[in-house]
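Some notes on the structure that comes next.
The numbers here are math on the coordinates, done by the rules we state, and not lab data. Worth saying up front: this structure is predicted, and the values here are computed from it rather than measured. Virtual Cβ from ideal backbone geometry, glycine too; neighbours counted across all protein chains shown.
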Amino acid sequence: MSQKNPTLDVNDSIAKSEAFIAKYKNYLIIGLVAIAVIVAGGFAGRSYLQGQNEKAQAQIGLGQRYFATGEWDTALKGDGTFKGFEKLAKGSAFIDATNLAQAYAGICYFNKGDYKKAITFLEDFSPKGDATISANVLAALGNAYAADKQLEKAVSTLKAAADKADNPALSPLYLLQAGQILESQNKKEEANKVYTDLKKDYPTSQLASPNYQNGQVIGAEIDKYIERTK
């Protein structure tokens, strides 16, 4: 599966959204598909996949085609050749492809608007191995909680995703989402702390770096979030 700047689309969608909660569904459909591309790329091609895991991984490859074209029902339930992510997700807990199928199934259900089933599968995903992959799936779970109006869980899960990623490319985006959810609950003091921690912990990130206009410094993107929650 192609990885044509998968993080760029989700990053732009989230970072530029001034009303994330009100518009989360439009942005998250794009964002979670991008996360799935990252997840698939992270698992694909690992040489240690053997036996049943290789067979399951081959099935994952078949399902990716349906996923990429937004055929969520077929991606979940399968066809004559492909078993479906839902069935693959119920395989052996010791098979890495099973873990990946849980992420795919959860994201498929999210896109179908069935947030509770999305949460069930995404909660079953085991955050292990590559920190970026695990962080992105945690972020997907946080977004599913937000869509299901479980806002406290959404905030804590997005914060956990930021901690797991621990890098200036992804962590600030997850923290921004967490802060915006807190703002939607009128928890300005908590939101302000999230934003100020973002600026302090990731000063080189796109959100925290100074912006320039006509050669003049106009402040960082995160500053306006900090200012409005004082």
> Using modelled backbone amide H atoms (1.01 Å from N, in-plane), which distant-in-sequence or interchain residues come within less than 5 Å of Ala220's amide H?
Replying inline: Asn211
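Given a cut-off of under 8 Å on Cα pairs at least six residues apart, what relative contact order in percent is computed for the range 115-230?
Working: 159 pairs, mean separation 19.8, N = 116.
Result for the range 115-230 is 17 percent.
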>> I'd like to compare 183-196, 101-114, 158-171: which one has the highest average count of other Cβ atoms within 10 Å, and what's the full order after that?
In response: 101-114, 158-171, 183-196
> How big is the gap, in Å, between the Cα center of the range 160-197 and the Cα center of the range 94-143?
Replying inline: 20 Å
>> Apply the Karplus curve 6.51 cos²θ - 1.76 cosθ + 1.60, θ = phi - 60°, to the phi angles in the range 186-195 and return the couplings in whole Hz, x for Gly and Pro.
In response: 6, 9, 5, 5, 5, 4, 4, 5, 4, 5
> Cα-Cα over 20 Å: which of Lys153/Lys230; Lys164/Lys188; Lys90/Lys164; Lys199/Lys224; Lys55/Lys116?
Replying inline: Lys153/Lys230; Lys164/Lys188; Lys90/Lys164; Lys55/Lys116
> Is the range 100-185 best put as rounded, prolate or oblate by its Cα gyration tensor, with a ≥ b ≥ c the root eigenvalues, rounded for a/c under 1.5, and otherwise prolate when a/b is larger than b/c, oblate when not?
Replying inline: oblate
> Across the range 132-145, in residue order, what do the Karplus-derived ³J(HN,Hα) couplings come to in whole Hz, using 6.51 cos²θ - 1.76 cosθ + 1.60 with θ = phi - 60° and x for Gly and Pro?
Replying inline: 5, 4, 4, 5, 5, 6, 4, 5, 4, 5, x, 5, 5, 4
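Once you charge only the Cβ atoms, +1 for Lys and Arg and -1 for Asp and Glu, what is the size of the charge dipole of the range 70-227 about its Cα centre, to the nearest 20 debye? Write out the running numbers ahead of the final one.
Details: 18 positive and 21 negative charges, 55 e Å.
Around 260 debye, computed over the range 70-227.
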